[in-house]
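The values are calculated or read from the model by the stated rules, or taken from the named source; none is laboratory data. Everything numeric here is computed off the predicted structure, so don't read it as measured data. Here the Cβ positions follow ideal geometry from the backbone for every residue, glycine too, while neighbour counts run over all protein chains shown.
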Amino acid sequence: MPTIKLINVTKKYGDITAIKNLSLTINDREYVCVLGPTGSGKTTLLKLIAGIVRPDRGEIYIDDILVNNLSPYERGIAYLPQYYALFPHLTALENVAFGPLSKGLNAKEAYEISMRMLEMMRLAWRAHSFPHELSGGMQQRLALARALASGAKILLLDEPLGALDARLRVELRYKLKKLAKENNLTTIHVTHDQEEAMIVADRIILLRDGKVQQEGSPMQVYNEPKSIFTAHFIGEANFFEGFIADVDQYGSWVQLRNGFLLRTSDPNRSIGERVVVMVREEKSKILKAAKKREEINVFPGTIESISFLGDFISYIILLDNGDRANSRMPTINALGRFKIGERVYIRIKPEDVIIYSYPPHGLYKEIEVI
Amino acid sequence: MSKSGNSNPLIKKLDELSSNKLLKLSIYASSLIFFFALILFPPLIGIIENLGYINILIYESYLMSRANFAILQSFVMAFIVSTLDLIAALPLAWFIARSKSRAAHFVDALVDIPFLMPTAALGYSILLFWCSERGLSSLFGAGSLISPGFFLVLLLHFAFSYPVIVRVMVGELLSYREVYEVAARTLGARSWTAVRTITLPLLKPGIIASFLLAFARSLSETGATMMVAGSWENGPVFLYRLMKMTEAEITSDIKNGMLVYVSSVLLLTSIVVFFIISFLAPKMRFPIKRIFSSVEGKMSSPIAVKVRNTSSLAIFLLVVIIPSIFVAFPMVEALISGSLSFVLSGFSPWGDYWRSMSISYGIGLLATLLNMIFGLPIAILIARRRLGKATSILRAIINVPIVVPSIALGVSLRLFWGKYTSLYDFWALLLSHATITYTYFVTSMAAAIESIPQELEDVASTLGARPFTVFRKVTFPLTKYSVFSGAILVFTRALGETGAARAVVRSRDLWTLPVLLVDWVENKNIAEMQKALGAGVYMLTSFAALLALRLVFSVRRK
């Protein structure tokens, strides 16, 4: 069964290190999303596994067999680049039959398999069309049919939905996962779209500068981001700079700008430590300012902007200490409740706050994704 | 794609062999060895080994100053011609690329004629048109409208370099995204202003490339230039005349010294000049800081556009096309008078003519074949950057044969191969043609392969295809048009080569057709009709050969 293992793999292009000493394991039939900003090494990772580029250091195993020196055609992998790389001079059927024919199947058998794959993808009626005659969605399905027909048990998808429009992307991502599961494929799906990754992945691997920042289930990565970068890249978050003012058995107090004190549930901090605190936008509740609040973690401010996002409404609140907080609320609860310029409070529960040590190069450098 | 799978045992075997790294390495290595050992080094070594001969020239001040002046004239002519061509050809390229009229399609079809025509036939055609009583001068009652010399050479070089610039610039204009120009116009620029400040600066690489190609072509041409040069001479004409000098006119040591001197200076100077132009031209900026609203407004008017299109069409027809195909008229006369049957009979001097023609075609085909076999792996090495940083160096070196005058290459090859074997004439003839045409095939193939996304080959490989299958089913089908047009380019260029062909061959028995025609044109005892028929038949056969190749190709495509 196809398990993929990378041990201390490094790949350089001239002076640029695309993958740095990377180790990871992808289990049999697992659907893994590799997420990361542009230039983080996602595509290089796929190309290393596919055998299109060779590692400078480290070992790559497929099914416990060292494949460093195996050519792509010997690895049993189907690789789908972002724009699918459908062969423009071959019809849909010929594209799909390319793999089986290359692997030595006789023509009759190869074309039977290919036709079955096209039928499965509801493309049989376009079997004799050329790729440029098909729509974006059809091209994507054709590329998948070609990959499946090759008999590969490992599917490497590089931004497979990136070339499609938003509606189609949403529709196809579910189908993609269903197809992979039904065919018992081990799948690595590269994307920079965190929402797509959250929805389809069994496990997310977040890459940055060729290194794994964090891996885990979508819920783990979202709720327990181990770094500022992860918290920023996956989901929407507020970051505030401050110092640890006090620590007790229940947690710590963070002094924000202009004396605002934020109660957290993290007791493992030292007094005076410079920190960054993170609160998810949906965990920053907005309260009407009709009466004075005496509770902890309730901060006064003014609504600066309101954006309607369909299911949600997003607010930017200028806090009285000069920080800005973003908040989002379900439209059903928030529609018409607040106005721009209205005085409000932001309430944050201590257990929703995550504290990070202040990054050596500053907060903005840490969350930079370009 | 064939529906037969891989049942052919030969293909299966080749497929297996293609996975053999040692074999792949040896194919690339042998192609590199072919290039360095048979294309690049022989002319260089030929020159370097014989540099000692130059010492003898210190007492030959007259000959030396004549040689230096001729070399200078080569560059002056190439520079003037390329500049004039650029000015005249750019509007026509614009007309072809942008106009949707039928006239544009018609001009597009005509524009390649002077390029595809063997230059020797073209030279004689231009000589007939401008100088003979049967040509343009017949309209004015003058004996010769323009005498052979500088201006006639200028007209000749203008005619054969013109299509190069049009072709390159039409390609550039078609791939140029007009949206920039549209954006400039929506911002208030008149069309001429938008072209001057936006389009032309963005087309600069294409303009430089076309200028360099025209420059190289002018610098290199020998046979046709000989026909129209009169007493004027440039480097190639000087070398040609020098080779024809007998022992009574010049001692062999001085002759060899002169050949080495002029060839080495031409080789070295042309490489340096190309390097300088290639390096400096991209740094030149178009004057775009100021907008001349009033003048540019007038230049953008429909009348100005009409005037520009009409004048560029007139130049194209009167200076390029009609003079180029004028040699066809004596052909028609010969058909009517029945003298064509004499040509076909093979009686003297037509026996020599047909022998030279078969040598020309044979050498052209062999040179094409050699370049296809040994050039393709090099094109892959370059296009896929398989040599890492050394790829850029290889790409630059590959261009050397195209930038140096072919007769200088021929002389160097003669010096190199002359000392080795009694078979020298034939092999030197073949290798000189392969050398001159090598760059055309490799660069056009490398560009074609580069245009195929590497991903297609990668994906084919991950789908289970071995390297030979990837090439056979993906790379080749997507580049076969370029393989064909690269081969046509090589064949056409080889067929028209005069300078190198004359330089490497000692025996008349191995004269190619352009060499024979130059000899005929220079010989005052040969009747004008015979010369015209020779050039006309040459032109027709080469067009017929190209047409046949195209037909074969299109049948296969179907």
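Structure notes:
- Test: B:Thr462 is within 14 Å of chain A (Cβ to nearest Cβ), of a type in the set (Ser, Thr, Tyr) and free of Cβ contacts under 8 Å to residues at least 12 places away in the same chain: yes
- The set of residues in segment A:25-52 being over 14 Å from the mean Cα position of the chain (by Cα), away from chain B (no Cβ under 14 Å) and either over 18 Å from A:Gln214 (Cα atoms) or buried (at least 18 other Cβ atoms within 10 Å of the Cβ) (or both) consists of A:Ile26, A:Asp28, A:Arg29, A:Glu30, A:Leu45.
- Residue under evaluation A:Leu148, criteria (1) crowded, with 16+ Cβ neighbours inside 10 Å; (2) not in a helix (DSSP H, G or I), criterion not met: (2)
- Of all residues in segment A:82-98, those that are under 12 Å from A:Ser129 (Cβ atoms) have Cβ atoms under 7 Å from Cβ atoms of residues that are surrounded by fewer than 22 Cβ atoms within 10 Å (Cβ to Cβ) and polar (S, T, N, Q), 6 or more apart or on another chain, in A:Leu86/A:Gln139; A:Thr91/A:Ser129; A:Ala92/A:Ser129.
- Among (1) within 14 Å of chain A (Cβ to nearest Cβ); (2) assigned to a helix (DSSP H, G or I) - the single one B:Val442 does not satisfy: (1)
- Here A:Ile228, A:Ile296, A:Ile244, A:Ile286 are screened, and the one residue that is under 30 Å from A:Asp202 (Cβ atoms) and either among the β-branched types (Val, Ile, Thr) or crowded, with 18+ Cβ neighbours inside 10 Å (or both) is A:Ile228.
- Among the residues of segment B:59-73, those that are over 14 Å from B:Leu242 (Cα atoms) and touching an Asp or Glu at 6+ places or on another chain (Cβ under 9 Å) comprise B:Phe69, B:Gln73.
- When A:Gly104 is tested against (1) more than 8 Å from chain B (Cβ to nearest Cβ); (2) in a loop (DSSP other than H, G, I, E, B); (3) within 23 Å of B:Leu14 (Cα to Cα); (4) not β-branched (Val, Ile, Thr), only condition (1) is not met.
- The one condition from (1) surrounded by fewer than 19 Cβ atoms within 10 Å (Cβ to Cβ); (2) more than 14 Å from chain A (Cβ to nearest Cβ); (3) of a type in the set (A, V, I, L, M, F, W, C); (4) farther than 24 Å from B:Pro330 by Cβ that B:Ile526 does not meet is (4).
- Residue ID - farthest from the chain's Cα centre (by Cα), chosen from residues in segment A:107-161 that are away from every other protein chain (no Cβ under 12 Å) and hydroxyl-bearing (Ser, Thr, Tyr): A:Ser129
- Residue-level check: of (1) surrounded by 15 or more Cβ atoms within 10 Å (Cβ to Cβ); (2) over 17 Å from the mean Cα position of the chain (by Cα), A:Gly104 misses just (1).
- Test: residue in segment B:141-157 that is part of a helix (DSSP H, G or I), without any contact (Cβ under 8 Å) to a residue 24 or more places away in the chain and within 30 Å of B:Val403 (Cα to Cα): yes
- Within the option set B:Gly188, B:Gly230, being in contact with a Pro (Cβ under 6 Å, 6 or more places away or on another chain), surrounded by fewer than 19 Cβ atoms within 10 Å (Cβ to Cβ) and not acidic (Asp, Glu) holds for one residue only, B:Gly230.
- Across segment A:343-370, the number of residues qualifying as in a loop (DSSP other than H, G, I, E, B), of a type in the set (A, V, I, L, M, F, W, C) and surrounded by fewer than 18 Cβ atoms within 10 Å (Cβ to Cβ) comes to 2.
- Restricting segment A:189-211 to residues that are surrounded by fewer than 21 Cβ atoms within 10 Å (Cβ to Cβ) and hydrophobic (A, V, I, L, M, F, W, C) leaves a set whose member that is nearest to A:Asp56 (Cα to Cα) is A:Met198.
- Within segment A:86-109, the residues that satisfy the criterion of being at pLDDT 90 or above and of a type in the set (Gly, Ala, Ser) are A:Ala92, A:Ala97.
- Checking A:Thr91 against (1) more than 7 Å from every other protein chain (Cβ to nearest Cβ); (2) surrounded by fewer than 23 Cβ atoms within 10 Å (Cβ to Cβ); (3) within 33 Å of the chain's Cα centre (by Cα), the condition it does not meet: (3)
- Top-ranked residue of segment B:445-459 - restricted to ones that are aliphatic (A, V, I, L, M) and within 12 Å of chain A (Cβ to nearest Cβ), ranked as surrounded by the most Cβ atoms within 10 Å (Cβ to Cβ): B:Val459
- Picking from residues in segment A:64-83 that are in contact with an Asp or Glu (Cβ under 9 Å, 6 or more places away or on another chain) and surrounded by fewer than 23 Cβ atoms within 10 Å (Cβ to Cβ), the one that is farthest from the other protein chains (Cβ to nearest Cβ) is A:Leu66.
- Residue within segment B:236-251 that is touching a residue at least 12 places away in the same chain (Cβ under 8 Å) and loosely packed, with under 13 Cβ neighbours inside 10 Å present: no
- Some residue of segment B:80-100 being crowded, with 21+ Cβ neighbours inside 10 Å, touching a Ser or Thr at 6+ places or on another chain (Cβ under 6 Å), closer than 25 Å to B:Leu370 by Cβ and modelled with pLDDT of 85 or more: no
- Breaking point among (1) within 30 Å of B:Lys255 (Cα to Cα); (2) surrounded by 24 or more Cβ atoms within 10 Å (Cβ to Cβ), for B:Ala379: (1)
- Within segment B:465-482, being of a type in the set (Ser, Thr, Tyr) and more than 9 Å from every other protein chain (Cβ to nearest Cβ) holds for B:Thr475, B:Thr479, B:Tyr481, B:Ser482.
- Residues of segment B:84-114 that turn out to be part of a helix (DSSP H, G or I) and in contact (Cβ under 8 Å) with a residue 60 or more places away in the chain, as a count: 20
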